Every structure is written in C-alpha cells, then in structure tokens.
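Right, one structure below, let's go through it.
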Amino acid sequence: MLRVAQVAPNIFPVPPDHHGGTERVVHDLSTALRSLGVELTLFAPSDSATDLPRVGNYPSLAALERQYGRVAPGVPAVLEALQLEDLRQRLDDFDIVHCHGEFAHAALLGARRRRSLTTIHWRVDELDRALFFQGFPDLPVAAISAAQATGIPAVNLAGIVHHGIDRARYAFRAAPDDHVAFVGRMTDQKRPDVAIRVARVAGLPIRLGGTIDVGNPDYFDRCVRPLLSVDATYLGPVDDTRKGELLGGARALLFPIDWPEPFGLVMIEAMACGTPVVAWNRGSVPEIVEDGVTGFIVSSEAEAVAALARIGQLDRAAIRRRFEERFTAERMARDYLALYHRLRAA
C-alpha cells in the first residue's frame, strides 16, 4: 500500500469553513486517495474537522486571528516551521510527501525531494517562484493547469493535474432563478465590480458571495460597495450550503478575472450545479470552460453582456455531465496517484 503525506497550508482549517480553495482541494484529494486504497496522512491545523488521519497540534492562522485579532507578521512562518518539524520526525513513514504550502518544505526534504510532489495553488510568474525553482531544480512540481505550467521550468514539471471536487457536494439544478452570481474574493484580481456592471447592463440582478480580501481591504469600499443596490446584493462569505444555493439558482456565474488565474475552482463548482460560466479569457479559463458547451469565453464587458443574452441556449444537464467527466475529486486523485507511482519508481 502506498503511504502518502498530504501537507496542507496553515492559513485555514482543512476543509475550510468559507474561503480557502487550496484547503478544499487538499481535503477532497486526500479523501479520494483514501478511497483508492492509499494510506493517507494529512498534516493540517488542529481546528480541522476531518475524519482523515491527521497530524498537527497548532491552530490555523484564521483561528488565531479570530482569537487574538491581528497577529504578528511572523506567525505564519512559525506555524509553517512547527508543521515541518512534525513532518521531519515522520519522513520515513511515507513513500511520497505531497506539499501544498509555500517554500520551506523543499529545504527540509533534502535528498527526499525526488520522492515528493509540490502543488503550487497560486501564480508562478513572479520573482519569488523564479528564485524558488532556480534553487531547487530537483523538486518535482505539479501544475494545476497548462497555463500555469508555462511558468514552471521543464526540469521541475512533473505533470499537469486539473482540480476536482467531491461530485456530491453540489446538487444539479435544472431550473434556475433570474439572478446571475459572482463568487470569489472581493479584490481587483477577481473584479466583482465588473460583474455588477455586466449584470446591470444585461438587466439581470446579481448576487455576490465571498470574503473581503485581506491583502486589498479597501478595494471593496472603493469599488464594490458604491455599486450595491436592490439589483446587486452582497451576501458576505458563503459556506458550501449557501454557495450551492447561490450557484445552483443562478442563470450564470460571472468570472471577470483580471489576472493569470492558475485554475479558478468556482468555475467547476458552478458546473457541478449545471450553471454555465461566463469567463474572461485569462489564465486557465480556456482549459476549464468549453465555449458554447459549459459557458462562454469573453474578452470584454460588451461580449459578456451578449453572452448572457444567449445563456439560455446552453443545456444545464450537459454542463453537469461535463463536470462529472472532467472535474471530480476521483479523477483528480487518479491523476495524482499516477504521478506518485512514477515518482516512486524513478
């Protein structure tokens, strides 16, 4: 039996309560791997609510911030160091160590790097990643999209594995309500202000769910709040239940990203509900959205308005089928398992 450690970030519990796409993916992957017969150990914060075998005696950064308010800038690094010490003491227990955090694990693994895998859940085209790859050319890295893979050196790139989610988390809904939806961080990378403008021009109410970005806290007050009204409602953070209701009841998900999105988990969450996606042609979007099948790919607000006028032409049942064929946690786990076996054999 293959013994695998899944090392999650320490920002949110695993699975997350609201925001935390990386933690959601790690939990779904770990659960699906266990169902495939993998002996799985999850390294995750102590406030994680999971039945998976778990290691970790310290709470998530989110839990500490709830308890103490703003914490010292060094706290995330301390949490990472404490987690990696737990991992160091148990390295011999695993055939593969799969890390989803930042950087320090590469140094800890040392000679074991070739029997590890790192998934980066963020953009890889900035200086920090370039230095990281330069310093660890023997670290296998899995890209989460072909778009992200273009920024990963060939010596590091172990493969491409698209995200997947638990197929049962979101229910298919054949008949939506009249609103469109936006789900994501309230930040200039995700552009909820653009979503509101598009919906308003299209004559459709919009409901928005998501957290206010801690890295850009004044964006919401400057760019989003002034646009809110009876036809544009902000719901705040949404958990899985409320997200399913919001997405399932939507005629479409608007995804007006303004950055090189490495994946975009909410796109496949919408597809799981049968809800089509109107997404800007950036980053991974052309890999995830099948234009004219699961949504429309656009390049401007005007094109998005025109796409919403055609959204009723798409078959919601077909969208759910494409989700089941392409983006389930089981498919993701099988793809990663193939990488694990290849790394172990090498």
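The values are calculated or read from the model by the stated rules, or taken from the named source; none is laboratory data. What you see is a predicted model, and the numbers here were worked out from it, not measured in a lab. Glycine gets a Cβ as well: all are built from the backbone with ideal geometry, and neighbour counts include every protein chain shown. All accessible areas refer to the heavy atoms of the entire protein, side chains included, with ligands and DNA or RNA removed. Shrake-Rupley method; radii C 1.70, N 1.55, O 1.52, S 1.80 Å.
Tabulated values for the structure
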| quantity | calculated |
| --- | --- |
| Tally, over region 153-186, of residues that are part of a loop (DSSP other than H, G, I, E, B), over 19 Å from Ala272 (Cα atoms), open to solvent by 10 Å² or more (accessible area, probe 1.4 Å) and of a type outside the set (Lys, Arg) | 3 |
| Residue count, region 134-152 (criterion: assigned to a loop (DSSP other than H, G, I, E, B) and in contact with a helix residue (DSSP H, G or I) (Cβ under 8 Å, 6 or more places away or on another chain)) | 7 |
| Test for Gly283: is it open to solvent by 10 Å² or more (accessible area, probe 1.4 Å) and in contact with a Gly (Cβ under 8 Å, 6 or more places away or on another chain) | yes |
| Yes/no for Asp166 being in contact (Cβ under 8 Å) with a residue 60 or more places away in the chain and acidic (Asp, Glu) | yes |
| Sole residue being at pLDDT 95 or above, open to solvent by 10 Å² or more (accessible area, probe 1.4 Å) and closer than 29 Å to Ala143 by Cα, chosen from Val230, Val214, Val266 | Val266 |
| Residue that is within 16 Å of the chain's Cα centre (by Cα) and of a type outside the set (S, T, N, Q), where the choices are Pro260, Pro276 | Pro260 |
| Residue in region 151-207 that is nearest to His18 (Cα to Cα), counting only those that are among the basic types (Lys, Arg) and more than 21 Å from the chain's Cα centre (by Cα) | Arg173 |
| Among (1) in contact with a strand residue (DSSP E or B) (Cβ under 9 Å, 6 or more places away or on another chain); (2) surrounded by fewer than 15 Cβ atoms within 10 Å (Cβ to Cβ) - the single one Val201 does not satisfy | (1) |
| Filtered residues of region 18-58 (kept if surrounded by fewer than 21 Cβ atoms within 10 Å (Cβ to Cβ), of a type in the set (A, V, I, L, M) and without any contact (Cβ under 8 Å) to a residue 40 or more places away in the chain) | Ala49, Leu52, Val55 |
| Some residue of region 323-343 being of a type in the set (A, V, I, L, M, F, W, C), under 15 Å from Phe172 (Cα atoms) and touching a residue at least 40 places away in the same chain (Cβ under 8 Å) | yes |
| Enumeration of residues in region 59-100 that are touching a strand residue (DSSP E or B) at 6+ places or on another chain (Cβ under 8 Å) and closer than 19 Å to His18 by Cα | His100 |
| Residues that are surrounded by 12 or more Cβ atoms within 10 Å (Cβ to Cβ) and assigned to a loop (DSSP other than H, G, I, E, B), drawn from region 66-122 | Val71, Arg90, Phe94, Asp95, His100, Gly101, Glu102, Phe103, Ala104, Ile120, His121, Trp122 |
| Members of region 1-23 that are touching a strand residue (DSSP E or B) at 6+ places or on another chain (Cβ under 8 Å) and part of a loop (DSSP other than H, G, I, E, B) | Met1, Leu2, Ala8, Val14 |
